[in-house]
Amino acid sequence: MDTTDLGADLLAAEAYESLVAELALAEIVAVKTAAEEAVGIPDDLSEEAIAALWALLDN
Amino acid sequence: MKTKQIVLTALTIALVAGGAAFAGPGGNGKSNGRGASDNGRNSNGAAASELKWRNAAHASAQAFSNASPNSAVGILATLKNASAAADEALELAGLESGDTVRTVEEIQTLLVLLTEPALSSDEIQALINQA
C-alpha cells in the first residue's frame, strides 16, 4: 500500500498537520532559547541570579 | 489541531512583529543608567552583583518598548517577550514550560520524510507514532 491509497493519504495529512503545528511551537521555543542564551541563561548565571532576573522581568 | 496551528502561527508572527517594535535610538543609554542606579537598592546584593548589565531589567516599561534590540534592555525585552510567547504557545498545546519539545530540525526532518513520495502506510504510521 502506498500514499495513493485513501487511508494512507488521510494518515499522512493528519501527521503533516500535526507536525506543522508542532513546528510552529518548536520555532517559538527556539526563539526563547536563543533569547535566554543571549542573556547568559543558564551557563553564565547561578540559579539565584536567574531567579532574581526573572523576578525583575516579571514586574 | 488546525486551530492550534493557526494560533501558533499567529503567535510566531506576533513575536516577530514585537521584536521589530523594540528598534529605536537612545534606549541603551537611558536603560543602562536606570539599571545601574537601581542596583544598590536591590535586596539581593549578591544576585544583583552577578547580574551585572542584566540589572537593566529594572528599566521602565517605556524603556523596554523603546529600547534598541542590541542594547541591554532590548536583549532583555526580547527575552521577556519570547518567554511570554513560548509559555502561551506551550499552554495552548497542553504542555508546560519544562516539557520536552522536539527541535525545529527534528520536526523538519520528519516533515521531509512524510512528504516524500511512496511512503508505505506502515512507514507513515511509524512517523505518526514518533509524533
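Please go through region B:114-130 and give me each residue that is assigned to a helix (DSSP H, G or I) and either within 7 Å of another protein chain (Cβ to nearest Cβ) or modelled with pLDDT under 85 (or both), ordered by number. Give the steps one after another, and end with the answer.
Let us first name the residues in region B:114-130 that are assigned to a helix (DSSP H, G or I), namely B:114-115, B:121-130.
Matches in region B:114-130: B:114, B:115, B:121, B:122, B:123, B:124, B:125, B:127, B:128, B:130.
Which ones in region A:33-48 are in a helix (DSSP H, G or I) and out of contact with any Lys or Arg (no Cβ under 8 Å at 6 or more places or on another chain)? Give the derivation first.
To start, the set of residues in region A:33-48 that are in a helix (DSSP H, G or I) comprises A:33-39, A:47-48.
Selection gives A:33, A:34, A:35, A:36, A:37, A:38, A:47, A:48.
Any idea which residue in region A:33-47 is surrounded by the most Cβ atoms within 10 Å (Cβ to Cβ), counting only those that are more than 7 Å from chain B (Cβ to nearest Cβ) and within 21 Å of residue B:90 (Cα to Cα)? Reasoning before the result, please.
Pass one, region A:33-47, residues more than 7 Å from chain B (Cβ to nearest Cβ): A:33-34, A:37, A:40-44, A:47.
Among the residues that remain, those that are also within 21 Å of residue B:90 (Cα to Cα) are: A:33-34, A:37, A:41-42.
Numbers: A:33: 15, A:34: 12, A:37: 13, A:41: 17, A:42: 11.
Ranking the candidates gives A:41 first.
Inside region B:60-104, can you point out the residues that are assigned to a loop (DSSP other than H, G, I, E, B) and at the interface with another protein chain (Cβ under 9 Å from one of its Cβ atoms)?
From region B:60-104, those assigned to a loop (DSSP other than H, G, I, E, B) are B:60, B:67-71, B:93-103; that's our starting set.
B:93, B:95, B:101, B:102, B:103 - these are the residues of region B:60-104 that are assigned to a loop (DSSP other than H, G, I, E, B) and at the interface with another protein chain (Cβ under 9 Å from one of its Cβ atoms).
Out of B:77, B:61, B:85, I need the residue that is at pLDDT 95 or above and farther than 15 Å from residue A:39 by Cα. Which one? Break it down stepwise before answering.
Details: B:77 fails: farther than 15 Å from residue A:39 by Cα; B:61 fails: at pLDDT 95 or above.
Testing whether each residue is at pLDDT 95 or above and farther than 15 Å from residue A:39 by Cα leaves just B:85.
From the list A:52, A:30, pick out the single residue that is crowded, with 21+ Cβ neighbours inside 10 Å and either facing chain B (nearest Cβ under 7 Å) or at pLDDT 95 or above (or both).
Details: A:30 fails: crowded, with 21+ Cβ neighbours inside 10 Å.
Only one candidate passes the filter, namely A:52.
The values are calculated or read from the model by the stated rules, or taken from the named source; none is laboratory data. Model, not experiment: these values are computed from the prediction. In this analysis, Cβ positions are derived from the backbone assuming ideal geometry, glycine residues included, and neighbour counts consider all displayed protein chains.
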